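Coordinate-derived values only; no laboratory data. Here the structure is a predicted model, which means the values were calculated and not measured. Using ideal geometry, Cβ is built from the backbone for each residue, glycine included, and neighbour counts are taken over all protein chains shown.
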Amino acid sequence: MKFPVELILLALVPVFLLFVAWELFRLRRQGRLSVYDWRDSACCAALGLLHQGADKLAWVFVLPLYGWIYQQHRLFDFADSYLSFFLLFLGQDFLYYWFHRVSHRVRWLWAAHSVHHSSTRMNFTTAFRQSLMYPLAGMWAFWLPLAWLGFPPQQVVAVVLLNLAFQFFVHTQIVPKLGWLEYVFNTPSIHRTHHAKNPRYIDHNYAGVLVVWDRLFGTFVEERDSDPCEYGTVKPVSSFNPLWVSVVEWRDMLVEAWRADNWRDRLVSLFGPPEAAEEVAARQRLRVEAPRQVA
């Protein structure tokens, strides 16, 4: 019986928990246990479980689509080999970069991805902080080209999940810069800046496994001791309720789109960059508050 690849991340949970324990041990020795907050970590764990449930349900519907594209429309037939696996890994990591970048620049996807950035902490449990709304946002659509190129759907799913598994290990503050590895791979230092809300760091370092895409497309920024990372989102989420954290940005987005005066503002609220959507929301607030001030 073949191992169901959709369960890769769940199978790795014991490994992840061992690293959480190691991180706590190191932080305790350094007198830095404040890096953790049990309420935040519990919220992250609950969000991880919700995400896994939504993810497994999504694969039930999406895998047949991948299969149809692979069976009926694939361009190439790749033999099972280390080379084909490497090409699949490279292709998926490239597409992940663009999924991640778009998720920061299109509000519809940001509504899901912002969940991952909503914690003001940065530790291994932050990696569990995922959104159950990714299937609705359309994350799965970014991997469709892999099936079209000719990679079997099960292999595509496996590489997607292995990419996410790797990213668990970059969510920590106890690992310093890693020398020459910083030029090739995503590292804790590189990913710390990605989670920071400092103006210098925002919307940079979208790497999954390889940081070469950021360096190639001009989105790389280096962590600096002179500008310590401040974690969280520009619009804070002051809740540890995993369900509320999952939907609050969707609620704001849909309410702002509904209240918009014209279709352009509605489209910006739904699909524009987050800062442009915030400008629309600010105009709405001024319009509502102006009559009150006159009264």
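Between ASP77 and PHE166, take the C-beta separation as r, use R0 = 41 Å, and let me know the FRET efficiency to the nearest 0.05. Could you put the intermediate results ahead of the total?
Details: r = 28 Å, r/R0 = 0.68.
The formula returns an efficiency of 0.90 here.
Given the options GLN130, GLN71, GLN52, which has the most mean-square fluctuation in a GNM of the chain, springs set between C-alpha atoms less than 10 angstrom apart?
GLN71
Under a cut-off of 18 Å between alpha-carbon atoms, report the aspartates and glutamates in cross-link reach of LYS235, not counting same-chain residues fewer than 8 places apart.
Leaving aside aspartates and glutamates fewer than 8 places away in the same chain, those within reach of LYS235 are ASP40, ASP203, GLU249, ASP252, GLU256, GLU275, GLU278, GLU279.
Hey, fewest Cβ within 10 Å first, where do TYR82, TYR231, TYR183, TYR70 land in order?
If I rank by nearby Cβ atoms, fewest first, I get TYR82, TYR183, TYR231, TYR70.
With a cut-off of 8 Å between alpha carbons and a minimum separation of six or more residues, what is the relative contact order of the chain in percent? Display every interim value, and only then the final one.
Values: 393 pairs, mean separation 66.2, N = 295.
Computed over the chain, the figure is 22 percent.
Going by how many other Cβ atoms sit within 10 Å of their own, how do TRP148, TRP143, TRP180 line up, fewest first?
Working: TRP148 15, TRP143 21, TRP180 7.
Fewest-to-most Cβ neighbours within 10 Å comes out as TRP180, TRP148, TRP143.
Rounded, prolate or oblate for the stretch 1-137? Axes are the square roots of the Cα gyration tensor eigenvalues, ordered a ≥ b ≥ c, and the cut-off for rounded is a/c under 1.5. Before the final figure, lay out each step's value.
Values: a/c = 2.11, a/b = 1.70, b/c = 1.24.
It comes out prolate by the Cα gyration axes.
Using only the Cα atoms of the stretch 113-255, build the gyration tensor, take square roots of its eigenvalues as a ≥ b ≥ c, and label the shape rounded, prolate or oblate: rounded if a/c is under 1.5, else prolate if a/b is larger than b/c, else oblate. Spell out each step's value before the answer.
Working: a/c = 1.77, a/b = 1.04, b/c = 1.70.
Oblate, since a/c reaches 1.5 and b/c is not below a/b.
Whole angstrom only: what separates the Cα centroid of the stretch 147-173 from the Cα centroid of the stretch 1-55?
Spelled out, the Cα-based centre of one part sits 18 Å from the other.
Could you please state, rounded to a whole Å, how far the C-alpha centre of the stretch 224-248 is from the C-alpha centre of the stretch 196-210?
Value for the Cα centre distance between the two parts: 14 Å.
Apply the a/c threshold of 1.5 to the C-alpha gyration tensor of the chain and tell me whether it is rounded, prolate or oblate. The partial results should precede the final answer.
Numbers: a/c = 1.67, a/b = 1.20, b/c = 1.40.
Oblate, because a/c is 1.5 or more while a/b does not exceed b/c.
Tell me the net charge near GLU256. Cut-off is 14 Å between Cβ atoms, GLU256 excluded, with +1 for each Lys or Arg and -1 for each Asp or Glu.
On the way: positive: ARG107, LYS235, ARG251, ARG259, ARG264, ARG266, ARG283, ARG285, ARG287; negative: GLU249, ASP252, ASP261, ASP265, GLU275, GLU278, GLU279.
In short, +2.
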